[in-house]
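The values are calculated or read from the model by the stated rules, or taken from the named source; none is laboratory data. Quick caveat: nothing in here was measured; it's all calculated off a predicted structure. Backbone-built Cβ (ideal geometry, glycine too); neighbour counts: all protein chains shown.
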Amino acid sequence: MQMLIAGQWVDGNGTIPVINPFDNAEIDAIPKATAGDVDRAMAFAVEGAKRMRRISGYERYRLLMRAAELMDEQSGDLAETITLEEGKIIGESRGEVARAIETMIGSAEEAKRLGSEVVPLDGASGGGNRFGFTLRVPCGVVLAITPFNFPLNLVVHKVGPALAGGNSVIIKPATDTPLTALKLARILLEAGVPEEGVQCLTGSGGEIGDILASDPRVRKISFTGSRDIGERICRTAGLKKVTMELGSNAPLIVLPDADLEKASHAITATGFANAGQVCISAQRVLTHESIYGDLIDALKPKVEALSTGNPLEQATKVGPMVRASDAARVAEWVDEAEDQGARLVTGGGCDGAIHAPTILADVRPEMRISREEVFGPAVGLTPVETVEEAIGLANDTNYGLSAAIFTENLENAMKFAREVDSGNIHINWGSQWRADLMPYGGLKESGFGKEGPKYAVEEMTETKMVVMHLQG
Ligand code: NAP
């Protein structure tokens, strides 16, 4: 596919192949954008920001609702594209498209709700006879940089709110999964979004990322991706608004009073979806020693039932990772943990980009499989003696995106909710759960700022304070 700059579908300086991670087939190729392409897109986006802010909230609502309808009409193609370029099993890809449509509709609704507030200035000393109110205005040009693991929904989480808020937007999708984003850009144009309003540039982030992020014409960067690239963007961005949605190594605590059938089901569902490549995948299962063996017994058959294979086939439950090199990295971390004393309960090893769904027991907090973000189909169990120890270990990380506990005890559940430093807290389900309307984002090095259309629109607009100094 070509990329979208200044309303035209264009080539760049050479191409990058897009590879199906299951069979290594080249499914398409995308252009490599140059610094000149970035400059052209920026100049056009500045005009786009002027144009978008003149479009009424109601009209922006209608444009985004039309985009949602077109996404629905093209949902089969979008789902297949996600599976082909990312390796996500087809059922999950269909689920992602359905969610993305809801995210677009939620964004459309926010376009009608950009309200402001009357500020009671007569409450301030010397503030009488003045009338004050806020005005919510667009930031201007929004740069949306997205990761590979949700090639559609995470793009919509940025583009929808950006357009709803009256901004223009430049999308820079992940190089592994650019086709879905390009198709979304085409849908937005088809829906009637002005060509200045949306552009999509492809090419390696390592080559054009700094040029994009440092451009002063960008007024807001919304980034989802790894911690290290996020930190780099923060350094490069300079004085502009930034939202960071970064990684994690989510903890999940299981206490003696937990329903072990439910907990083992949740660990399987939330540790292995998308081959574990979800920022909130359950990774560290901190289990009370009194039920440690029982939980492993309940978990093992469920994980062994996860058949691997071609992600286009309905029977496949775990598809390939995005690259064979990532599967090899996870296998290396599993081997390293075993060498350091962890016990392989099931799985281990990879074949091409497919890594076997893996459970490791007796994982210690200092092992890489626990300390760093695995981002693959491997879950580790660590025994604990008390709820205090479990909470201490849950917090013993730089990350803080999602955390879960299984207990029937309200006191322990509330203690967990209050004391674990995490942007999302789940009680009696796994760490990987999200409704797209909720405020979603991390604490600590998992990032800052919130997504979810209502909250993202706030991040993508700015507040002016207006004071009328009256005479009478
Ligand atoms: P990544 O390697 O950080 O890449 C993310 C995006 O940044 C890609 O578009 C990438 O482009 C671009 N990029 C690379 N270098 C850049 C630079 N110097 N300047 C600007 N942009 C640059 O992440 P990923 O492997 O795609 O995704 C996995 C990570 O995302 C995991 O850590 C996961 O936890 C995190 N994630 C977080 C959330 C959340 O909501 N918190 C959701 C999903 C994923 P190229 O592809 O061209 O390199």
Please work out which one of (1) near the ligand (Cβ under 8 Å from one of its atoms); (2) touching a strand residue (DSSP E or B) at 6+ places or on another chain (Cβ under 9 Å) is the condition residue 206 fails and give its number. (2)
Pick from region 229-240 the residues that are more than 7 Å from the ligand (Cβ to nearest atom) and among the aliphatic types (A, V, I, L, M): which of them is surrounded by the fewest Cβ atoms within 10 Å (Cβ to Cβ)? 239
Looking only at region 113-154, and only at residues there that are hydroxyl-bearing (Ser, Thr, Tyr) and surrounded by fewer than 23 Cβ atoms within 10 Å (Cβ to Cβ), the one that is farthest from residue 206 (Cα to Cα): 125
Mind checking which residues of region 403-421 are under 12 Å from residue 252 (Cα atoms) and in contact with a Gly (Cβ under 6 Å, 6 or more places away or on another chain)? 404
Has region 304-312 got at least one residue that is farther than 28 Å from residue 398 by Cβ and either within 14 Å of the ligand (Cβ to nearest atom) or crowded, with 23+ Cβ neighbours inside 10 Å (or both)? yes
Qualifying positions in region 365-417 - among the small types (Gly, Ala, Ser) and in contact (Cβ under 8 Å) with a residue 40 or more places away in the chain: 370, 376, 378, 380, 390, 394, 400, 402, 403, 404
Is it the case that some residue within region 98-110 is surrounded by fewer than 17 Cβ atoms within 10 Å (Cβ to Cβ) and of a type in the set (S, T, N, Q)? no
Just one of the numbered conditions (1) in a loop (DSSP other than H, G, I, E, B); (2) within 13 Å of the ligand (Cβ to nearest atom) is not true of residue 192; which one? (2)
May I ask you to verify whether residue 103 is touching a residue at least 60 places away in the same chain (Cβ under 8 Å), of a type in the set (S, T, N, Q), closer than 30 Å to residue 270 by Cβ and within 16 Å of the ligand (Cβ to nearest atom)? yes
With a cut-off of at least 3 residues that are under 23 Å from residue 196 (Cα atoms) and at pLDDT 95 or above, name the helices (runs of 4 or more DSSP H) lying wholly within region 1-108. 35-54, 57-73
Which residues, counting only those in region 143-176, are more than 8 Å from the ligand (Cβ to nearest atom) and part of a loop (DSSP other than H, G, I, E, B)? 151, 152, 165, 166, 167
Considering only residues of region 392-441 that are out of contact with any Leu (no Cβ under 7 Å at 6 or more places or on another chain) and of a type in the set (Asp, Glu), which is nearest to residue 109 (Cα to Cα)? 436
Checking residue 226 against (1) touching a helix residue (DSSP H, G or I) at 6+ places or on another chain (Cβ under 6 Å); (2) surrounded by fewer than 18 Cβ atoms within 10 Å (Cβ to Cβ), which test does it fail? (1)
Would it be correct to say that residue 211 is touching a residue at least 24 places away in the same chain (Cβ under 8 Å) and within 14 Å of the ligand (Cβ to nearest atom)? yes
Filtered residues of region 447-457 (kept if in a loop (DSSP other than H, G, I, E, B) and in contact with a Pro (Cβ under 7 Å, 6 or more places away or on another chain)): 450, 452
